[in-house]
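Working notes, structure below.
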Amino acid sequence: MPRLSTRTRISTRTRISTRTRISAVAALTALGTLASLGGASAAEPTLNGQWAPFTRCPVDAPAMLAADGSDRTPQCVVSTSATGSIKLGKTTVVTGRTNLQFGVVQNADGTGTVVAPPSGALVADSATVPGGLLGLMCPSDIPVITGICQTLSDAKLNKITATMESVGAPYAFDQTAGVLKDMPIIALPVRIHLQNPLLGDHCYIGSASAPIVLRPKNLDYPAFGMTFFKGDGTVDEAGEMSRIDLTGAPQNDNGFAVPGASGCGLNVGLINAAVNAKTGLPSAAGNNSLTLNNAQTFLAGLTAPGTVVPDAGKVLARDWHSAVR
């Protein structure tokens, strides 16, 4: 849609009546009501013992199953944090639990191939945006937005939740960086889903074609632990499986750029523009940050994958399934 000139915008501003503003609010509310009718996601399995954190490891993915244990070695990786915060432009949101899971095939040449689960690598709790819609786009000199702002005394209409979602498989996983500090551990493409009845169900910061790419790194050295266990998850010093625990270190990334919001409201650019203006988006690298408190990272794989060549991937999958309760 072509942009309106300043003169056209001023002219349009004077012609938009109160009825038009109320109609726009009603239409947006209807959009949000329809968008909220979503289905529940499938429950994750419960796994025994040392397998417990790896509820979404994609052990049945073709790339994982094909790993032979010689040239290609399969592993499961999970990293969680109970709390944290993310700053996008001028807005800071306190985050809840994040759960990042993926498989990785370690190649003999030192590279690795990341395999995302079908549900996406990242699952995160929704966070409440401070100030809600009033804080995100009000006041505004756009008449339609002003009309919306005047309706937001209702707390349900004002509340906005923000949820971080994966938009593609992670890449550039560096297992060594997970043990050290100040080194990017993985590249994670995401978008932020903003949800509110007046924003509709397609309001995002970032997209599949222009994601926010997070590269978290440890701010301190994590505590290191290692456990051996049987295929079903039971601890056993002679077990065929092993798990590395890297715990306790906060993680941070302050080098990512953030694009502007899109798809908000009527998809004509009015609410997009209001959200972007108030939050300072798009925002260049260096103005944004992510912090994950007390990160807990676990890696599981075969203790001696060379002993089961060429079936390492199949053995890993068999053991994971044997641990499901």
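Data for the structure
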read-out	value
Residues within region 111-133 that are outside any strand (DSSP E or B) and over 23 Å from ASP60 (Cα atoms), tallied	7
Subset of region 48-97 (residues that are under 25 Å from PRO259 (Cβ atoms) and aliphatic (A, V, I, L, M))	ILE86, LEU88, VAL93, VAL94
Given (1) out of contact with any helix residue (DSSP H, G or I) (no Cβ under 6 Å at 6 or more places or on another chain); (2) acidic (Asp, Glu); (3) in contact (Cβ under 8 Å) with a residue 60 or more places away in the chain; (4) open to solvent by 20 Å² or more (accessible area, probe 1.4 Å), number of the condition ASP253 does not satisfy	(4)
Number of the exception - LEU292 against (1) surrounded by 19 or more Cβ atoms within 10 Å (Cβ to Cβ); (2) touching a strand residue (DSSP E or B) at 6+ places or on another chain (Cβ under 8 Å); (3) over 30 Å from LEU219 (Cβ atoms)	(3)
Selection count where residues are part of a loop (DSSP other than H, G, I, E, B) and either surrounded by fewer than 14 Cβ atoms within 10 Å (Cβ to Cβ) or at pLDDT 95 or above (or both), scope region 90-110	5
Filtered residues of region 218-250 (kept if of a type in the set (A, V, I, L, M, F, W, C) and open to solvent by 30 Å² or more (accessible area, probe 1.4 Å))	LEU219, ALA223, PHE224, MET226, PHE228, VAL235, ALA238, ILE244
Check on ASP201, part of a strand (DSSP E or B), more than 30 Å from SER322 (Cα to Cα) and open to solvent by 30 Å² or more (accessible area, probe 1.4 Å)	yes
Residues of region 45-89 satisfying the condition of being outside any loop (DSSP other than H, G, I, E, B), over 30 Å from PRO130 (Cβ atoms) and of a type in the set (D, E, K, R)	ARG72
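The values are calculated or read from the model by the stated rules, or taken from the named source; none is laboratory data. The structure presented is a predicted model; accordingly, all values stated were derived computationally and were not measured. As a convention, Cβ positions derive from the backbone with ideal geometry for all residues, glycine included, and neighbour counts pool all protein chains shown. Heavy atoms of the whole protein, side chains included, go into the accessibility calculation; ligands, DNA and RNA do not. Shrake-Rupley method; radii C 1.70, N 1.55, O 1.52, S 1.80 Å.
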